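The values are calculated or read from the model by the stated rules, or taken from the named source; none is laboratory data. The structure presented is a predicted model; accordingly, all values stated were derived computationally and were not measured. Cβ sites come from the backbone with ideal geometry, for glycine too, and all protein chains shown count toward neighbours. Note: accessible area is taken over every heavy atom of the protein model, side chains too, but ligands, DNA and RNA are not part of it. Shrake-Rupley method; radii C 1.70, N 1.55, O 1.52, S 1.80 Å.
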Amino acid sequence: MILTEEQQMLRDAAQGWVSERAPVAALRSLRREHAALGHDPALYREMAEMGWTGIAVPEADGGFGFGLAGAGVVAEQLGRNLVGSPLLTTSVVVAGAIELAGNAAQKQQWLPAIVAGEARAALAIDEGNRHDPAGIALAAAAQDGAWVLSGSKQAVLEGPAADLFVIVARVAGQPGDETGLALFLCPADTPGLTVTAMEQIDSRGCARLDLAEVRLPADALLGEAGNAWPVLTEVLDRGRAVLSAEMLGSAQQAFETTLEYLRTR
């Protein structure tokens, strides 16, 4: 991909910051000091100060409008040094869901906080041992002007540190149906929600969510009940694209390190 001048500047800035502030050795410190979170909050604050948390958020919503290409440029550099952060789940996936399906009040409540680095967020989707976006069994029932959610989620990426979850729930149909799904905004301190950190071999933040009749207000619904599939597939594709850029950075660094090692043998 040929980068624009702005993207080149963004890449160079990210490359310099990663080299200085987040060398690979920092991963060892992360495992000792921030193992439950999966990232260093101080480094994430620095990312926010540099504007990275608003790269993929449109300017109309308070972001910087660099889009997925800009997010990918930064992710590639983070991947080179295995830098853990909730940048992908927060600023690409959840911010994307709010951008696409949120009303004005929901956008105003959450997007500025995401851009400022004040809110970290995660998408709670999978319930089994493999990624299956349509295989949702967690139920959401309308009750007395509110929504009541019951069920569990597995392997929620960046879940331990999240202030906000976008929870994929079923309001109709059976697991495997693409129809009947809904998205809900659920703050991490909501009564009935239990977040349990999961230990990962790569030290990335991951959690199990258990919802015991979690009661959410009517305005927690993100978009249209039963018709979340188009939004869900779009934000998952965005996340996959940026995650691929991160993985590319890791692969490039591994390749370059191997070549350097072979030259000095």
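Can you find, within region 175-195, the residue that is least open to solvent (accessible area, probe 1.4 Å) among those that are within 22 Å of V235 (Cα to Cα) and in a loop (DSSP other than H, G, I, E, B)?
In the first step, residues of region 175-195 are kept if they are within 22 Å of V235 (Cα to Cα); the result is 175-188.
Those still in the list that are in a loop (DSSP other than H, G, I, E, B) too: 175-180, 188.
Details: P175: 77, G176: 47, D177: 58, E178: 99, T179: 98, G180: 7, A188: 32 Å².
If we take residues in region 175-195 being within 22 Å of V235 (Cα to Cα) and in a loop (DSSP other than H, G, I, E, B), then G180 is least open to solvent (accessible area, probe 1.4 Å).
Counting only residues that are of a type outside the set (D, E, K, R), modelled with pLDDT of 95 or more and under 19 Å from the mean Cα position of the chain (by Cα), give me the helices (runs of 4 or more DSSP H) lying completely in region 1-71 with at least 2 of them.
41-49
Just to be sure, is A169 crowded, with 24+ Cβ neighbours inside 10 Å, in contact with a strand residue (DSSP E or B) (Cβ under 7 Å, 6 or more places away or on another chain) and over 21 Å from D237 (Cα atoms)?
For A169, the condition - crowded, with 24+ Cβ neighbours inside 10 Å, in contact with a strand residue (DSSP E or B) (Cβ under 7 Å, 6 or more places away or on another chain) and over 21 Å from D237 (Cα atoms) - is not met.
Residues are listed down the side, and each one gets a yes or a no for (1) open to solvent by 10 Å² or more (accessible area, probe 1.4 Å); (2) of a type in the set (A, V, I, L, M):
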| residue | (1), (2) |
| --- | --- |
| L3 | yes, yes |
| E20 | yes, no |
| R32 | yes, no |
| A42 | yes, yes |
| M47 | no, yes |
| F64 | yes, no |
| A71 | yes, yes |
| E76 | yes, no |
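Return the residue satisfying two criteria in turn: it lies in region 196-219 and is within 17 Å of L164 (Cβ to Cβ) and not in a strand (DSSP E or B), and of such residues it is modelled with the lowest pLDDT.
In this case the residue turns out to be G205.
Taking P86 as meeting all but one of (1) out of contact with any Asp or Glu (no Cβ under 6 Å at 6 or more places or on another chain); (2) surrounded by 22 or more Cβ atoms within 10 Å (Cβ to Cβ), write down the number of the exception.
(1)
Considering V92, V83, which residue is outside any helix (DSSP H, G or I) and either touching a Ser or Thr at 6+ places or on another chain (Cβ under 7 Å) or at negative phi (or both)?
V83
Scan region 106-133 for residues that are open to solvent by less than 10 Å² (accessible area, probe 1.4 Å) and either closer than 12 Å to L157 by Cα or not in a helix (DSSP H, G or I) (or both) and jot them down.
Passing the criteria: A119, A121, A122, A124.
Would you be able to say whether some residue in region 172-184 is out of contact with any helix residue (DSSP H, G or I) (no Cβ under 6 Å at 6 or more places or on another chain) and modelled with pLDDT under 95?
no
For the subset of region 5-18 comprising residues that are free of Cβ contacts under 8 Å to residues at least 24 places away in the same chain, surrounded by 12 or more Cβ atoms within 10 Å (Cβ to Cβ) and not hydrophobic (A, V, I, L, M, F, W, C), which member is nearest to I201 (Cα to Cα)? Don't jump to the end; show me each part of the working.
Here is the first cut: in region 5-18, the ones free of Cβ contacts under 8 Å to residues at least 24 places away in the same chain are 5, 8-9, 12, 16.
Imposing the further condition that a residue be surrounded by 12 or more Cβ atoms within 10 Å (Cβ to Cβ) reduces the set to 8-9, 12.
Checking the rest, the ones that are also not hydrophobic (A, V, I, L, M, F, W, C) come to 8, 12.
Values: Q8: 33, D12: 30 Å.
Ranking the qualifying residues of region 5-18, first place goes to D12.
Suppose the filter is part of a helix (DSSP H, G or I), touching a residue at least 24 places away in the same chain (Cβ under 8 Å) and open to solvent by less than 10 Å² (accessible area, probe 1.4 Å); does A97 pass it?
Considered against the rule, which asks whether it is part of a helix (DSSP H, G or I), touching a residue at least 24 places away in the same chain (Cβ under 8 Å) and open to solvent by less than 10 Å² (accessible area, probe 1.4 Å), A97 comes out as yes.
Please find, among L222, L236, the residue that is part of a helix (DSSP H, G or I) and crowded, with 17+ Cβ neighbours inside 10 Å.
L236
Among the acidic types (D, E), closer than 27 Å to A25 by Cα and out of contact with any strand residue (DSSP E or B) (no Cβ under 7 Å at 6 or more places or on another chain): is that true of E59 in this structure?
no
This table checks each residue for (1) aromatic (F, W, Y); (2) within 29 Å of D219 (Cα to Cα).
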| site | (1), (2) |
| --- | --- |
| G63 | no, yes |
| G67 | no, yes |
| A75 | no, no |
| G84 | no, no |
| W110 | yes, yes |
| G117 | no, yes |
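How many of the residues in region 91-123 are within 19 Å of A182 (Cα to Cα) and of a type in the set (S, T, N, Q)?
Of the residues in that region, 2 qualify.
Pairs please, first residue from region 116-129 and touching a residue at least 60 places away in the same chain (Cβ under 8 Å), second anywhere and assigned to a loop (DSSP other than H, G, I, E, B) and open to solvent by 50 Å² or more (accessible area, probe 1.4 Å), Cβ atoms under 6 Å, 6+ apart in sequence or on different chains.
Partner pairs satisfying both residue conditions: R120/D163.
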